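The values are calculated or read from the model by the stated rules, or taken from the named source; none is laboratory data. Just so you know, these numbers come straight off a predicted model, no measurement behind them. Please note: Cβ atoms are built from the backbone with ideal geometry, for glycine as well, and neighbour counts cover all protein chains shown.
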Amino acid sequence: MSTTEAAAAPADSEPRDERIAFRGPMQRLLISPEIGAIVGATLVWALFWATGQQFGEASATLSWLDAAAPFGIMSVAVALLMIGGEFDLSSGVIVGSTGIFVGIFAQRFMGNGGPLWMAIVLAFLAAACIGWINGWLVNRTGLPSFIVTLATFFVLRGVNLVFSKRLMNKVIVENINGETIKDIAGFQWWLSDKWNYKAASFGWRNQVFFGLVLAGAVLLVAGLLEQSLKRRTDRPPAWAPVGTVVGLAATVLGIVLAHTTDGVGANLLAGLVGLLGAVVATVSWAAWRYETHGPTGTFSLTGRALLLTIVGAACVLLAWLVTRPLKLDDRRQLLSIPPHAIKVLIGAVAAVVAGGLALRYALGKLLRARSGGQTVGALAVPRVAVITAIAAGLGLTTVIVFLQMATVQGFRAIVLIGLGVLGIVLLLVAKGAARKTSTRAQLLPGLIAVVAIVGYAVVLRADSHAVRFRAGLFTVLLLIAAAVLANTIIELHQVKRVAFETRPDRVGRGLASLGVFLAGGGLALRLLFSGQNIYRWIVWWLVITAVAAFVLSRTKWGNWIFAVGGNKEAARAVGVPADQVKVGLFVMVSLLGCLVGVMTALRFGSVTAAAGVGKEFEYIIGAVVGGCLMTGGYGSVIGASVGAMIAPITLNGIPLSKWNSDNRFIFLGVVLLAAVLVNQKIRKKAQEAR
Amino acid sequence: MKTSRLALASVATAAVALAAVSTASATTPPTTPASGGSGKITIAMVTHSDDGIFWSVVKKGAEAAAKNLGVDLKWEASNNDSAKQAQMVEADVAAKVSGIAVSLADPAALSGPVKAAVAAGIPVVTLNSGSDKFKELGAITHVGQDEKVAGNGAGEKFKAAGAKKLLCIMQEQGNVGLQARCDGAKETFGGDVTMINTSGDADQTTSQSEIKAAMQADSSIDAVFATGPVGAVLAVKAAEELGVKPMIGSVDLSDELLADIADGKVAFTIDQQQYLQGYLSVLFLYLYITNGNTVGGGLPVYTGPGFVTKDNVAQVKALVASGTR
């Protein structure tokens, strides 16, 4: 929420090396490579959660997690390789090749099939060889890995077809199951089986979940405060400890009440108790532990902060007003509703707005260039006209296409969520901008944002007949409002830290990580005891992501990967075994591809000759959305793991929301592009701000 | 007209003999069988075959017909390369074969050579693909399964079983044939039909979750029509995870699908009976060449839909193993 810690630094501090400049926890999160994936996945998830009735349920959640697992494992592998500066276009097809190999070997070796363990061992050996060949060829020839692995891709694709046809006489290898392969059971337990615990077998499931999430949230808040505020040395005020305890108790009471009562009034009351409790607890805790000072500056807003506040508030209001006349369960095609003139009007407005914005942007750029003393050629004016025309055309087309595809229901959800969230985000940005002038100026946008979020929560709840809106979303939004309110009050009178301090930073990070871990554990427990199938590879995916993240950030191999991806020759010059690192990465990708291939084959009992073909690009997209640069030397495996969720969330969400699945690639394309752009934009902004 | 064509055909047959003699000594390789010299009928079957399991059954059918009728069969597979297929037809016209059976996977690329063949007096039968184009190109008839008719058959089956809401699964977005199957099913089903695209056979995991999501989104779905065998098997798994029991139907055959039919998890699958496509093309050309018969009366001859259900699945399984189904 606050991105401007560094801006509040005293002006008289001596200029520092920007690499060791202090950054608050939020700013660190914003410049991390995974931010685009996290924002993108969260928004897409929220969209389908709001539109698909069953999307938030454990069954649907495990369904998309199940689809994401193999994809996530491969995206992590491909992300490591991309950070190391290379691509592997054979990463998709190897999943099919190894599965086909295992299926054929176990059924046809020496006439009636070899042992499965031998098939699996040989598949891993073969995969390692393929990875080694890829890496060796890239190192040896200096050709782009794009070309080398494209060749491998074609070869493997051909091999898949030839062998499955020649040996199984068809384009699919079937019967990889207990009937034809006797020693399969043990492998299935590890690789393709599932857990399924009855929801009733763990009666305290919900209570434990809420307890863990609440504890996690408390720790997370404490950790964030610890990292961004300065410890006080004098005696804290007497009310601070009391306020902390009372506030915390009120929060718990509020949440419990909201979940045990069902009347609208009782829920609202409970929500307010919880909200105020959380705020009181946080503010009191901050006053108890951290240094305070008097507020500075004036309350009035100026310039950009004022504009953003007005636009933000307008967006929230508009989101509410526009969706009033539209019905929640109206599934009619949007195009069939208003008379033709209105559609033309909407299109024209969109064209004018888009064109106008582009004109303003292009003209502004032109004028700046001119005032900067640059010669602006005769082509400048036509160029401005062309940009304006293109923007207007795009605006018109987008609106027409949108009207063509959307139902009233979908339109309503998009406006309510898109415009509402945009407005709230703008208000928060306004708050950050105002914070730069004075601690008092941020009070007004902060309070408006709180009112907007609370109002939004009330509107969404009253609006829906789905149970989860009444409790879940309401609680989440109120918690966000509480966080903003607490942040506003704390920023008003608390002293921010402007330099690194080893101990509080470490303690803060530890607390925040523990908080995330606890909340995640609570969620995992809730899913585990949902009575739905949890396939093993979801665990494989989590473990592989964790191991890869650890290796990348905490070991010398991680440094080596970044080094060879950034500049191979420079890395070699400082003693990094660059060739070995690259070969190792290619082998790792192939081995993980083999793991996924074997797991898929054992799980489904069949592999088609086309299995995995085309998936390599989706793995790369997952990695790129997750923050990896196409040029290497930068990226994150956690981002890749989260980025890999976007496609499965979308592909599951569309049928669950009963949208026409013909649109899915349009939607997916837009989402992926937006995620990458968000990534780039936020990172740039955050880097400028430091 | 008929008699003159017949006369032309016999002249052509004679010409084949001459051509065989003359070309055998020329530069081109002796693709035309030497037995052509004894006046034996040579039929060229030019398909877009990729030599996969499907086409191997077509080939078996054609070979059986050729053996039974005592004609020579020239099997030519272009592996989905329409330019190559067009060249093959042109070469056959130049070699003056007695008849050509051709699959019109790409009518635009093949219409020229096929018209040339007809103009040269060589009878043509289209098979597998081309039911809407064969007439225009002057072919005698078309032997194949119309995707829409296959879909019609599935729709009727679901309707007869009393299903009210159908989910149609297409494993390849934008595939004309799959869309026609779904449209055909919708036509005769009468009830409410939802169509979804899935990620396809290359990604079974995602496909299964998509099918599951579609079933979960609407609990009133009581029938599922998968337009391919992999999708049907995934639909069975998705239904099991959700604990629902819709009636599931499919198109084409696979071991797993036949096992699911035997277990009663899948109600039926539509068999193209592609063996017939090979067998009947050769037979129809033979009858035309020797006796001037035309089959179909200007309409295509359908080889499907043949239904495989629990009742005949054991028999079909044995025939699949011997490679004729």
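Numbers for the structure displayed
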read-out: Of residues in the stretch A:76-88 being closer than 18 Å to A:THR631 by Cβ and part of a helix (DSSP H, G or I), the one farthest from the other protein chains (Cβ to nearest Cβ); value: A:ILE83
read-out: Options A:PHE163, A:PHE202, A:PHE210, A:PHE146; residue that is over 30 Å from A:LEU518 (Cβ atoms), within 31 Å of the chain's Cα centre (by Cα) and either surrounded by fewer than 19 Cβ atoms within 10 Å (Cβ to Cβ) or within 14 Å of chain B (Cβ to nearest Cβ) (or both); value: A:PHE146
read-out: Filter result for A:VAL564 (in contact (Cβ under 8 Å) with a residue 24 or more places away in the chain and of a type in the set (Val, Ile, Thr)); value: yes
read-out: Members of the stretch B:262-291 that are in contact with a helix residue (DSSP H, G or I) (Cβ under 6 Å, 6 or more places away or on another chain), without any contact (Cβ under 8 Å) to a residue 60 or more places away in the chain and within 14 Å of chain A (Cβ to nearest Cβ); value: B:ALA262, B:LYS265
read-out: Residue selected from the stretch B:254-280 under the condition in a loop (DSSP other than H, G, I, E, B) and in contact with an Asp or Glu (Cβ under 9 Å, 6 or more places away or on another chain), by the criterion farthest from B:THR47 (Cα to Cα); value: B:LYS265
read-out: Inter-residue pairs, beta-carbon under 7 Å, first aliphatic (A, V, I, L, M) and in the stretch A:364-375, second modelled with pLDDT under 75 and not in a helix (DSSP H, G or I), 6+ apart; value: A:LEU366/A:VAL376; A:ALA369/A:VAL376
read-out: Any chance A:ALA270 is surrounded by 20 or more Cβ atoms within 10 Å (Cβ to Cβ), in a helix (DSSP H, G or I) and at pLDDT 85 or above; value: no
read-out: Number of the exception - B:GLY297 against (1) farther than 23 Å from A:TRP64 by Cβ; (2) touching a strand residue (DSSP E or B) at 6+ places or on another chain (Cβ under 6 Å); (3) outside any helix (DSSP H, G or I); value: (2)
read-out: Any hit, the stretch B:306-315, residues being in contact with a Ser or Thr (Cβ under 6 Å, 6 or more places away or on another chain) and over 30 Å from A:GLY531 (Cα atoms); value: yes
read-out: Count of residues meeting criterion [within 20 Å of A:GLY243 (Cα to Cα) and of a type in the set (Asp, Glu)] in the stretch A:480-504; value: 1
read-out: Qualifying positions in the stretch A:623-665 - surrounded by fewer than 24 Cβ atoms within 10 Å (Cβ to Cβ) and without any contact (Cβ under 8 Å) to a residue 12 or more places away in the chain; value: A:SER661, A:ASP662, A:PHE665
read-out: Condition check for A:GLY622: within 14 Å of another protein chain (Cβ to nearest Cβ), closer than 20 Å to A:THR152 by Cα and of a type outside the set (S, T, N, Q); value: no
read-out: From the options B:LEU178, B:LEU167, residue that is among the hydrophobic types (A, V, I, L, M, F, W, C), part of a helix (DSSP H, G or I) and surrounded by 20 or more Cβ atoms within 10 Å (Cβ to Cβ); value: B:LEU178
read-out: Test: A:GLY643 is under 26 Å from A:ALA128 (Cβ atoms) and assigned to a helix (DSSP H, G or I); value: no
read-out: Wholly enclosed helices (runs of 4 or more DSSP H) of the stretch A:420-524 bearing at least 3 residues polar (S, T, N, Q); value: A:474-493
read-out: Filtered residues of the stretch B:69-97 (kept if over 24 Å from B:SER56 (Cβ atoms) and either touching a Ser or Thr at 6+ places or on another chain (Cβ under 7 Å) or polar (S, T, N, Q) (or both)); value: B:ALA95
read-out: Residue within the stretch A:167-174 that is surrounded by fewer than 18 Cβ atoms within 10 Å (Cβ to Cβ), modelled with pLDDT under 85, over 26 Å from A:VAL539 (Cα atoms) and out of contact with any Cys (no Cβ under 6 Å at 6 or more places or on another chain) present; value: yes
read-out: Residue check for A:GLY653: facing chain B (nearest Cβ under 9 Å) and farther than 30 Å from A:ILE176 by Cβ; value: yes
read-out: Test for A:LEU191: is it within 30 Å of A:MET26 (Cα to Cα), at pLDDT 85 or above and either surrounded by 14 or more Cβ atoms within 10 Å (Cβ to Cβ) or within 14 Å of chain B (Cβ to nearest Cβ) (or both); value: no
read-out: Residue check for A:ALA278: touching a residue at least 24 places away in the same chain (Cβ under 8 Å) and either in a helix (DSSP H, G or I) or surrounded by fewer than 16 Cβ atoms within 10 Å (Cβ to Cβ) (or both); value: yes
read-out: Index of the failed condition, A:GLY263 passing every other in (1) surrounded by fewer than 13 Cβ atoms within 10 Å (Cβ to Cβ); (2) without any contact (Cβ under 8 Å) to a residue 60 or more places away in the chain; (3) touching a helix residue (DSSP H, G or I) at 6+ places or on another chain (Cβ under 7 Å); value: (3)
read-out: Selection status of A:GLY593, in a loop (DSSP other than H, G, I, E, B) and over 14 Å from A:GLY85 (Cα atoms); value: no
read-out: Pick from the stretch B:63-95, criterion surrounded by 15 or more Cβ atoms within 10 Å (Cβ to Cβ) and of a type in the set (Lys, Arg), ranking: nearest to B:ILE289 (Cα to Cα); value: B:LYS74
read-out: Selection count, the stretch A:567-582, where residues are in contact (Cβ under 8 Å) with a residue 60 or more places away in the chain and either touching a Phe, Trp or Tyr at 6+ places or on another chain (Cβ under 6 Å) or within 14 Å of chain B (Cβ to nearest Cβ) (or both); value: 1
read-out: Some residue of the stretch A:58-75 being more than 14 Å from every other protein chain (Cβ to nearest Cβ) and either in contact (Cβ under 8 Å) with a residue 40 or more places away in the chain or surrounded by fewer than 24 Cβ atoms within 10 Å (Cβ to Cβ) (or both); value: no
read-out: Extreme residue, nearest to A:ALA69 (Cα to Cα), among residues of the stretch A:610-622 that are among the small types (Gly, Ala, Ser) and surrounded by fewer than 24 Cβ atoms within 10 Å (Cβ to Cβ); value: A:GLY614
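Residue-wise test of (1) modelled with pLDDT of 90 or more; (2) more than 21 Å from A:PHE55 (Cβ to Cβ); (3) out of contact with any helix residue (DSSP H, G or I) (no Cβ under 9 Å at 6 or more places or on another chain).
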| position | (1), (2), (3) |
| --- | --- |
| B:LYS159 | yes, yes, no |
| B:ARG181 | yes, yes, no |
| B:GLY191 | no, yes, no |
| B:ASP201 | no, yes, no |
| B:ALA213 | yes, no, no |
| B:GLN216 | yes, no, no |
| B:ALA223 | yes, yes, no |
| B:THR227 | yes, yes, no |
